[in-house]
1. Quick one: in the range A:62-82, which of the residues that are under 19 Å from B:Thr368 (Cβ atoms) and among the aliphatic types (A, V, I, L, M) is nearest to the other protein chains (Cβ to nearest Cβ)?
2. Checking the condition open to solvent by less than 10 Å² (accessible area, probe 1.4 Å), over 27 Å from A:Gln88 (Cβ atoms) and assigned by TED's automatic domain parsing to the domain that holds B:Gly211, which residue from B:Ile75, B:Ile31 passes?
3. Any residue at all in the range B:122-137 that's within 19 Å of B:Ile4 (Cα to Cα) and touching a Pro at 6+ places or on another chain (Cβ under 8 Å)?
4. Tell me whether the range B:238-254 contains one or more residues that are within 12 Å of another protein chain (Cβ to nearest Cβ) and of a type in the set (Val, Ile, Thr).
5. If the requirement is being in contact with a helix residue (DSSP H, G or I) (Cβ under 6 Å, 6 or more places away or on another chain), in the same structural domain as B:Gly412 (by TED's automatic domain parsing) and closer than 21 Å to A:Ile85 by Cβ, which of these qualifies: B:Leu344, B:Leu380?
6. Hey, does the range B:352-371 have a residue that's surrounded by fewer than 15 Cβ atoms within 10 Å (Cβ to Cβ) and under 29 Å from B:Glu422 (Cβ atoms)?
7. Do we find that B:Ser309 is open to solvent by 20 Å² or more (accessible area, probe 1.4 Å) and either in a strand (DSSP E or B) or farther than 30 Å from B:Ser168 by Cβ (or both) in this structure?
Amino acid sequence: MLVPLGQIAHTRSGDKGDTANIGVIAFKPEHYPVLIREVTPERLKTFFGDSVQGDIERFELPNLGALNFLLHGALGGGGTVSLRIDAQGKTYGAALLRMEISLD
Amino acid sequence: MIRIANGQGFWGDWLEAPVRLVEQGPIDYLILDYLAEVTMSILQKQRQTDPSLGYARDFPPLIGRLAKRLKERKIKVVANAGGVNPVACAKAVLAAAPGLKVAVVLGDDVYSRIDDFLAKGYFMRDMDTGEPISTIRDRIQSANAYIGAFPLAEALDTGADIVIAGRSTDTALALAPMVQRFGWGPDDSNKLAAGTIAGHIVECGAQCSGGNCQVDWQNIPDLANVGYPIIEAEPDGTFVITKHAGTGGRVHSDTVKEQLLYELGNPKQYITPDCVADFTSIHLEDIGPDRVRVSGITGRPKPPTLKLSISYANGWKAIGTLVYSWPQALEKAEAADRIVRSRLTSLGLNYEEIYTEFFGVNACHGGTAAVVTDPPEVQLRIGVRDASKKAVDRFTRELIPLVLNGPPGATGFGEGRPPVREIVAYWSALIPRDEIQTRVEVVTC
């Protein structure tokens, strides 16, 4: 069954220079393995497309039922350089809530 | 146990927050984080214009407002309000609150030492791009080393009521009282990591106590009176995150988790001047209403280097907007964008970057946004960036004429031409720790 990520997880995002980070946190511990399986750097790369120019890294925090993603080259230069309205990547996490994942 | 409250997540955060933290319940330390990366360059410019400036100007009047209660209740304040001029900040505090003892931490400002560092063979390569600092040497506007909790703890040792630092790390503000009161040493890596993570949780103010929280946000109570976070720190390195009773907001493992993930890199290597903290060791437990206990934290010893925060001039930019109304609002905005670009090209202007967003359609979420059909209005938002100020200035004159000579239904130009802003970019590099010698001074009028 396909569901939007926002059904099983919440997110928070921010910036470090031209890199955005997205923390993805499972509401329930039993959904953490689903995050591990479904929410991969490759899936994010496809989902965000041209918005992310560089690599995407993933780190695991099993103690928090969470994943942390670094999206390099994702903020149009970042901080003060960027011309985007969301130069600090504040809404990247919310965008990801729409990504469809499989619960099966 | 000591209570450490953060009343300011950045310079410009809610002015009432620190006052309420002092008035609405028990705290031992009030910490205030004022400095973002680009703040230092703004302060450096202010100091060049007036040698008595260059610090967070909100801070002295705040201390003046709180002085009586701070003294009565023996609350100590630790703040990085000093910017590039901590001594001037201290003098302004003394003028506003004459009865308080004020100590400053100096030595983080290395603006005048860059050439010395270069002569010693430090390339100060940018930590993102690897380029040597020589490529931007003549454009540097400020340079500071991030300093940790131990110099701040030394300042608390003087018995000061108010400790003012320049570019200390955000987390050091919270860690310093623990180091000073609990007698933690530089080798107590696990405890230093715990205090550092406590600092990370509270460093953005209410962002851990219900602000900007996705979980059940509609039901988070009374954000109008949101309580800012308080660390109840124990000598063994465990702590509880809470807020004053009767305040709005929420402290829960969900709100704390979101903040733990905020602006995080590699969770096993959260590097500070004090230690390397491991976020995968954190254990959270909801132990009561608005109370989250944090334990289990481990860390490793501090690195041999300190991070430099350097700002430099990097060209100019301007961002202009126009609003197009229904019908065909998006099509009109897209046509206007093509017209602007065509006119700029006719003028022979080629920018380093020109970037368009359609606010109401795709500005926040780009290509991932749901398709909107026939929206009631769309804001066209065009930005340009270039080394030439003149070219950027010319762009700012191209939007308003469209109201009369472009597609129909444009409005929202009341603010006039957009301002041309200098871009102050950020450069981070490493320097051997030995090069940075901090010192503490008690400042008198």
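1. A:Leu70
2. Working: B:Ile31 fails: over 27 Å from A:Gln88 (Cβ atoms).
Going through B:Ile75, B:Ile31 in turn, just one is open to solvent by less than 10 Å² (accessible area, probe 1.4 Å), over 27 Å from A:Gln88 (Cβ atoms) and assigned by TED's automatic domain parsing to the domain that holds B:Gly211: B:Ile75.
3. Here is the first cut: in the range B:122-137, the residues within 19 Å of B:Ile4 (Cα to Cα) are none.
No.
4. no
5. None of the other options fit; the residue is B:Leu380.
6. Checked against the condition, which is being surrounded by fewer than 15 Cβ atoms within 10 Å (Cβ to Cβ) and under 29 Å from B:Glu422 (Cβ atoms), the range B:352-371 yields no hits at all.
7. Values: open to solvent by 20 Å² or more (accessible area, probe 1.4 Å): no; either in a strand (DSSP E or B) or farther than 30 Å from B:Ser168 by Cβ (or both): yes.
Against the criterion (open to solvent by 20 Å² or more (accessible area, probe 1.4 Å) and either in a strand (DSSP E or B) or farther than 30 Å from B:Ser168 by Cβ (or both)), B:Ser309 does not qualify.
For (1) assigned to a helix (DSSP H, G or I); (2) closer than 20 Å to B:Leu404 by Cβ, each residue gets a yes or a no:
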{"position": "B:Ile319", "(1), (2)": "no, no"}
{"position": "B:Tyr324", "(1), (2)": "no, yes"}
{"position": "B:Lys332", "(1), (2)": "yes, yes"}
{"position": "B:Tyr351", "(1), (2)": "no, no"}
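The values are calculated or read from the model by the stated rules, or taken from the named source; none is laboratory data. Fair warning: this is a prediction, and the values are worked out from it, not measured in the lab. Every residue, glycine as well, gets a Cβ built from its backbone with ideal geometry; the counts of neighbours run over all protein chains shown. We work out accessible area using only protein heavy atoms, side chains counted, and drop any ligands, DNA or RNA first. Shrake-Rupley method; radii C 1.70, N 1.55, O 1.52, S 1.80 Å.
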